[in-house]
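Each remark here refers to the structure printed beneath this line.
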Amino acid sequence: MDARSGHRVDPARWVAFQTISAVHRDDGYANLVLPKLLTEHHVHGLDAAFATELAYGTLRQSGSLDAVIAAAADRGVERIDPPTRDALRLGAYQLLHTRVATHAATNTTVDLVRTVAPGAIGFANAVMRRIGRQDWPAWLDELGPDDVGLRYAHPPWVVRAFRDALDKKSELEDLLVADNTPAPVHLCARPGRITAADLAAETGGTVGPYGAYAVHLAEGSPGDHPAVKRGLAHVQDEGSQLVATALADAPVDGPDSRWLDLCAGPGGKSALLGSLAALRDARVTAVEVAPHRARLVEHAVRGLPVDVVCEDGREFEDDPFDRVLVDAPCTGLGALRRRPEARWRRQPNDLPPLTRLQRELLLAALRLVRPGGIVAYVTCSPHINETRMTVNETIRRFDGGIEQVDARPLMENVTDSGDGPAVQLWPHRHGTDAMFLSLLKRA
Ligand SMILES: C[S@@+](CC[C@H](N)C(=O)[O-])C[C@H]1O[C@@H](n2cnc3c(N)ncnc32)[C@H](O)[C@@H]1O
């Protein structure tokens with residue numbers, strides 16, 4: 001037992017509770033908060049795995065858990081004080097989505113409330129008992145059997161966005177399930193430094209199905225691998241590798257030595273482009289507006305022919321480039337597997353400022369590429385406002401000829417990536433984040 005947990009709560013649940021609270025109270029990120037808390041509270045091995053499952057699962061499911069808690073408490077969750085609410089979420093998750101026995105889930109939740117909100121012990125006890133009277137399928141039947149957002153814990157606006165973006169509407173539930181499955185770690189074997197086959201042999205991973213540089217890891221902490229420490233490889237979703245490689249491989253007319261990454265932080269795609277540039281006598285300029293993220297890019301591209309510039313990409317000026325990447329800031333709805341809290345934190349009103357910025361950055365990229373050169377517009381969101389609509393609207397606003405290049409042949413092994421010319425990858429279909437890629441050639 002941990003002294004700071006008031007002697008009553010086991011360390012794994014205490015760390016999970018503190019993580020959930022930090023995410024809700026301080027707008028924290030679970031993937032940053034949790035590792036620190038695990039170390040601070042000396043939680044290792046199976047306990048650490050249990051704490052991670054509880055924290056990530058509770059955060060991922062929180063909208064659906066709230067619906068159950070509200071029904072059991074007979075009041076909206078906004079009327080429950082935050083520490084009790086987070087303890088109930090953690091308790092409800094254990095009751096409805098884990099094998100933890102009902103009495104253990106209830107007793108540990110009451111103990112937690114005794115520590116963090118002693119005035120609410122009776123209330124928490126009663127709510128937990130009501131929740132535990134039936135299992136999750138029965139709650140679903142009671143609260144909304146046809147509500148896929150409730151069933152798979154996605155806000156309605158995100159479900160609508162996915163339905164709009166999917167070319168095969170029947171795959172919606174597969175996509176929602178994939179979002180609730182933790183993403184495996186992918187490594188990128190930096191071209192010219194190590195092959196994917198050698199990296200797979202060294203790490204015990206497997207070569208990815210699509211990209212020439214991708215290795216999938218079954219488990220373990222990727223930063224600990226010697227190849228990553230020695231700068232031969234970096235952590236990067238295979239979908240991100242595919243879109244960066246497609247830009248590097250797209251045919252351009254004329255010279256091919258000046259490449260630009262207009263939204264570079266934290267530097268994964270700059271590192272891959274820089275590795276490819278090194279093999280082709282090209283050089284990459286990596287622009288990033290946020291100083292701390294520009295420093296991350298500098299770290300990621302050490303030893304590669306990449307110049308980092310900390311500046312607003314919309315105002316960046318230079319001689320024309322042959323290839324330009326706009327990996328635009330976006331809602332990140334295509335990477336919900338990786339960020340358990342993201343789906344509930346993002347709001348529909350995040351879209352207008354983001355799409356405005358995306359259009360301005362893409363417009364800047366079209367001005368910075370030379371005639372005959374190519375721009376890759378990329379998002380890790382499939383929301384059509386951020387993908388097709390941004391591309392179409394920006395082409396319309398750009399004063400000059402733009403040809404949309406079919407990106408599908410540049411991802412040879414990838415099937416089922418849409419009707420073209422853009423490519424849309426999907427977690428449930430390709431096992432990657434839902435990356436979008438549109439290739440635009442200046443006439
Ligand atoms: C999707 S992330 C890019 C990820 C990156 N390409 C990688 O693979 O690591 C978008 C980045 O654009 C940056 N950004 C946002 N507004 C920008 C602007 N006006 N100019 C340049 N960068 C910007 C953000 O700070 C963020 O680091």
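The values are calculated or read from the model by the stated rules, or taken from the named source; none is laboratory data. Everything numeric here is computed off the predicted structure, so don't read it as measured data. Glycine gets a Cβ as well: all are built from the backbone with ideal geometry, and neighbour counts include every protein chain shown. Each accessible area value is taken on the protein alone, full model and side chains, heavy atoms only, with ligands, DNA and RNA left out. Shrake-Rupley method; radii C 1.70, N 1.55, O 1.52, S 1.80 Å.
Annotations for the structure displayed:
- Residue ranges of helices (runs of 4 or more DSSP H) in region 216-283 with at least 1 members of a type outside the set (S, T, N, Q) and in contact with a His (Cβ under 6 Å, 6 or more places away or on another chain): 238-249, 268-279
- Count - residues of region 406-416 that are in a helix (DSSP H, G or I) and over 13 Å from Ser438 (Cβ atoms): 1
- Options Thr39, Thr19, Thr52: the member that is β-branched (Val, Ile, Thr) and exposed (fewer than 14 other Cβ atoms within 10 Å of the Cβ): Thr39
- Scanning region 77-110 for residues that are open to solvent by 40 Å² or more (accessible area, probe 1.4 Å) and part of a helix (DSSP H, G or I) yields Glu78, Arg79, Pro82, Pro83, Arg85, His97, Thr102, His103, Asn107.
- Within region 233-246, the residues that satisfy the criterion of being buried (at least 24 other Cβ atoms within 10 Å of the Cβ), aliphatic (A, V, I, L, M) and within 11 Å of the ligand (Cβ to nearest atom) are Val243, Ala244.
- Leu325 vs. criteria buried (at least 18 other Cβ atoms within 10 Å of the Cβ), within 13 Å of the ligand (Cβ to nearest atom) and not polar (S, T, N, Q): yes
- Here region 253-304 is the region considered, the condition is being farther than 26 Å from Arg442 by Cα and open to solvent by less than 10 Å² (accessible area, probe 1.4 Å), and the residue that is farthest from the ligand (Cβ to nearest atom) is Val301.
- Selection of region 357-405 for residues being open to solvent by 20 Å² or more (accessible area, probe 1.4 Å), within 11 Å of the ligand (Cβ to nearest atom) and part of a helix (DSSP H, G or I) yields Leu357, Glu360.
- Filtering region 407-422 to residues that are in contact (Cβ under 8 Å) with a residue 24 or more places away in the chain and surrounded by fewer than 24 Cβ atoms within 10 Å (Cβ to Cβ) leaves Leu410, Met411, Asn413, Val414, Gly418, Asp419, Ala422.
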